[in-house]
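**Q** First the structure, then my questions, so here it is.
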Amino acid sequence: MEHKERQSISKVPLTEQLNKTNSSLLKSYQAKVIGKENLFSLVEYELATLLFGNLAGGAGYLLRKKFYSRLFKAVGSGVIFGKGIVLRHPGKITLGNRVAIDDYVLLDAGGAGEEGITLEDDIIVSRNCVIQGKTGAVVIGRKTDIGCNAIISSGAGIFIGNSVLIAGNCYIGGGRYISDRLDIPMMEQGVYSKGPVAIGDDVWLGAGAIVLDGVQIGKGCIVGAGAVVTKNLPDYAIAVGVPAKITKMRGDL
């Protein structure tokens with residue numbers, strides 16, 4: 001039987017981040033958006049997003065390719081930036097070669113630590129996705145395909161292998177509110193995680209699947225649409241349901 005201890009998560013509410021009494025509004029904004037109090041970096045970010053962020057057509061594609069790349073920690077060749085992309089702490093985000101980021105994606109490395117967010121070669125991030133290092137790093141392996149509206153939110157680290165299929169509306173990671181006390185609201189009791197999420201190579205997550213914190217999914221697994229994975233899955237398992245249960249092993253007759 002699996003038993004995973006709580007890992008406390010240090011999380012500062014957004015309202016506190018933006019309304020620090022010992023800091024100006026501009027500095028609070030800089031800390032939230034670019035992660036450093038550097039006026040040149042702020043101006044570069046503001047101009048790139050203001051002028052080119054929602055520019056349609058080929059002109060927008062070419063100008064974002066030229067000016068957005070300067071905002072990141074590292075960007076490989078052949079990267080595509082859609083319109084309306086929201087960036088937080090882009091200096092902690094690494095993009096490999098031929099990464100395609102569709103319209104209205106959020107990439108937020110604000111809480112991802114020194115490791116930040118890494119998207120390796122040939123990754124597709126579809127429209128309206130959220131990839132967020134809330135309080136932990138995110139590393140996604142090459143040739144992974146992330147469907148529309150998927151949310152990848154790291155509480156204690158998310159590590160996704162190569163050639164992973166993540167269908168639309170999937171949710172991976174997150175944390176949990178402490179709910180032991182009854183005298184104060186849960187949102188004021190703190191947050192914890194059961195550990196990082198690790199997804200092996202060649203995994204297929206069906207539409208709307210949920211993978212909770214602390215779960216490890218082995219190589220070659222298939223998770224059915226709408227399933228909620230709360231426990232580890234061995235290599236090549238097929239799991240469906242809420243909570244997800246193994247119904248078959250790939251390769252079995």
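The values are calculated or read from the model by the stated rules, or taken from the named source; none is laboratory data. Quantities reported herein were computed from a predicted structural model and do not represent experimental measurements. For accessibility, only protein heavy atoms count, side chains too; no ligands or nucleic acids. Shrake-Rupley method; radii C 1.70, N 1.55, O 1.52, S 1.80 Å.
**Q** What Rg and what Dmax come out for the stretch 85-205 when only alpha-carbon atoms are used, in angstroms?
**A** In Å, with Rg to one decimal and Dmax whole: 14.7, 52.
**Q** Still on this structure: What Rg and what Dmax come out for the stretch 175-253 when only alpha-carbon atoms are used, in angstroms?
**A** Cα-based Rg and Dmax for the stretch 175-253 come out at 15.3, 55 Å.
**Q** If you don't mind, there's one more thing I want to ask. In deg cm²/dmol and to the nearest 500, what is the mean residue ellipticity at 222 nm of the chain if only DSSP H runs of at least 4 residues count, each as -39500 (n - 2.57), divided by the residue total?
**A** Mean residue ellipticity at 222 nm (helix-derived): -4500 deg cm²/dmol.
**Q** Name the residue, out of Ser126, Ser163, Ser24, whose mean-square fluctuation peaks in a Gaussian network model built on the chain with Cα pairs under 10 Å.
**A** Comparing Ser126, Ser163, Ser24 in the GNM, the peak value goes to Ser24.
**Q** Measure nothing but the geometry: give the 0 to 90° angle between the long axis through the Cα atoms of 39-52 and the longest principal axis through the Cα atoms of the chain, rounded to 10°.
**A** 80 degrees
**Q** For Ala74 and Arg98, compute 0.36 nm times the residue count separating them, minus their Cα-Cα distance, and round to one decimal in nm.
**A** Taking 0.36 nm per residue and subtracting the Cα distance, the gain is 7.4 nm.
**Q** Quick one: length gained pulling Gln189 to Leu63 fully straight, 0.36 nm per residue minus the C-alpha distance? Could the numbers behind the result be given before it?
**A** Working: separation 126, 0.36 × 126 = 45.36 nm, distance 4.54 nm.
That works out to 40.8 nm of additional length.
**Q** Whole number in Å², please: accessible area per residue of the stretch 67-203, 1.4 Å probe, ligands, DNA and RNA not counted.
**A** Details: 5540 Å² over 137 residues.
On a per-residue basis, 40 Å².
**Q** Under 5 Å between amide hydrogens, which residues at least 5 positions from Ile158 or on another chain qualify, with H placed 1.01 Å from N in the peptide plane?
**A** For Ile158, whose amide H was placed from the backbone, the distant partners under 5 Å are Ala137, Val138, Val139, Val197.
**Q** Over every pair of different alpha-carbon atoms in the stretch 27-116, take the mean of 1/r and invert it; report that Kirkwood radius in Å.
**A** That comes to 13.1 Å for the stretch 27-116.
**Q** What whole-number value in cubic angstrom gives the convex hull volume per residue for the C-alpha atoms of the chain?
**A** 132 Å³
**Q** In addition: For Lys231, list the lysines whose Cα falls under 30 Å from its own Cα; do not include residues on the same chain fewer than 8 positions away.
**A** Cα-Cα hits under 30 Å: Lys4, Lys11, Lys134, Lys143, Lys194, Lys219, Lys245, Lys248.
**Q** Where a ≥ b ≥ c are the square roots of the eigenvalues of the C-alpha gyration tensor, would you call the stretch 119-161 rounded, which needs a/c under 1.5, or, failing that, prolate if a/b is larger than b/c, or oblate?
**A** It is oblate, given that a/c is not under 1.5 and a/b is not larger than b/c.
**Q** Next up: Relative contact order (percent) for the chain, with alpha-carbon contacts under 8 angstrom and 6 or more residues of separation?
**A** 11 percent
**Q** Could you pull the Rg and Dmax for the stretch 66-120, using just the Cα atoms, both in Å?
**A** Expressed in Å, the Cα Rg and Dmax of the stretch 66-120 come to 10.3, 27.
**Q** Right, something else. Run the accessible area of the chain with a 1.4 Å probe and give the carbon-and-sulfur part as a rounded percent.
**A** Exposed carbon and sulfur together represent 56 percent of the surface.
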